[in-house]
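The values are calculated or read from the model by the stated rules, or taken from the named source; none is laboratory data. What you see is a predicted model; the values in this text were computed from it and never measured. All Cβ positions, glycine included, derive from the backbone under ideal geometry; neighbour counts span all protein chains shown.
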Amino acid sequence: MLKSLKYISEKLKDDKSITFEVDKDLTKYSTMKLKAHGNIVIVQALDSLVLLVKELRAENIPYKVIGWGANFIIPQELNFVLVKLNFPIEKNIFDQQDSEYWLPASFPLNVLTSVASKKGFMGWEVFTGVPASLGGALAMNAGTSLGEIGELVKEVKILSPEGELRCHKVDKDSFSYRKNHFLLKGDIIVEVLLTHKGLDKGVSEIIKNYLKRRTDSQPLKEKTCGCMFKNYVEVTSSQEMTCRAGLSIDIMGLKGISVNDLRISPMHANFMENRGLAASSDVLELVQFTKRELKLQYGVEFETEVHFPK
């Protein structure tokens, strides 16, 4: 793979919108700062992304898209190429008051939170404290107790592994809890039509209060990937039961349990903190241990919010 990637790098060397980092330390590309080594390509334009995807396909090089690396546990040694989008942001896009905006997939959620606070965009408070890009958050239907991002999306522009663009119009079947149902293997979200639910000056206060609650109860200053496990939800004909992952882990007394430099956060049991030089193997070991304990205690199988790519 390394030889083929260097060949592509040489072939596309005149394209200033593509940066190849071959055989590099990739630790900085995840919010947990996990030890990782491999190859990443940073792309700043859609036309360049189309060219790159076609070249990778021609050379049979597998790739995976990474946003902020929050819900993506990067292996210590990669057998695929990471593709990171860094499309330009139109700084004045929100100067014109509108009900919806086409935004690049690489748009940071923290910027959207700031915009919501200033403009009073209702619904955008759901982004508060979520460490992700717009595309990454949409792929997993990220959310908070205030709601989910899928509720705010009308359309999604997607690039296929064949280098073809298509548009998905969001409907009631497009998302479920922490999942999307329209992306195929190798698909890349490139642009999102994001809407809001009207204007309310009180949104700023909602964001301020919610961010304080998160800061007070979650280890936001530590190297984490956000929540590790999804809440367990069981729906029957008569009711919906939710078993909260963090509370369940806390009740079992697992706060502070560690594997090497990785530990379950003493502050919030659904977070795992990298206290030094943790790697993906440490995350997998601690996750498997926690899942076994949850299964023994509660008899249910908790799923992770994060992905362990192979």
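Here are the numbers for this structure:
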| read-out | value |
| --- | --- |
| Subset tally (residues that are small (Gly, Ala, Ser) and under 14 Å from residue 69 (Cα atoms)) for segment 6-52 | 2 |
| Identity of the residue in segment 249-271, out of contact with any helix residue (DSSP H, G or I) (no Cβ under 6 Å at 6 or more places or on another chain), of a type outside the set (Gly, Ala, Ser) and assigned to a strand (DSSP E or B), that ends up nearest to residue 78 (Cα to Cα) | 263 |
| Candidate set from segment 1-21 (those that are of a type in the set (A, V, I, L, M, F, W, C), closer than 15 Å to residue 61 by Cα and surrounded by 15 or more Cβ atoms within 10 Å (Cβ to Cβ)); member that is modelled with the highest pLDDT | 20 |
| Close pairs (8 angstrom Cβ cut-off, 6 or more residues apart or separate chains): closer than 20 Å to residue 303 by Cβ in segment 178-189, of a type in the set (A, V, I, L, M, F, W, C) and not in a loop (DSSP other than H, G, I, E, B) anywhere | 180/138; 180/139; 181/175; 182/156; 182/158; 183/139; 183/158; 183/189 |
| Odd one out for residue 64 among (1) more than 22 Å from residue 161 (Cα to Cα); (2) among the charged types (D, E, K, R); (3) part of a strand (DSSP E or B); (4) within 18 Å of the chain's Cα centre (by Cα) | (1) |
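To keep it simple, each residue is scored yes or no on (1) out of contact with any helix residue (DSSP H, G or I) (no Cβ under 7 Å at 6 or more places or on another chain); (2) assigned by TED's automatic domain parsing to the domain that holds residue 11; (3) under 21 Å from residue 178 (Cα atoms); (4) among the polar types (S, T, N, Q).
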{"position": "22", "(1), (2), (3), (4)": "no, yes, no, no"}
{"position": "39", "(1), (2), (3), (4)": "no, yes, no, yes"}
{"position": "42", "(1), (2), (3), (4)": "yes, yes, no, no"}
{"position": "60", "(1), (2), (3), (4)": "yes, yes, no, yes"}
{"position": "106", "(1), (2), (3), (4)": "no, no, yes, yes"}
{"position": "117", "(1), (2), (3), (4)": "no, no, no, yes"}
{"position": "130", "(1), (2), (3), (4)": "no, no, yes, no"}
{"position": "134", "(1), (2), (3), (4)": "no, no, yes, no"}
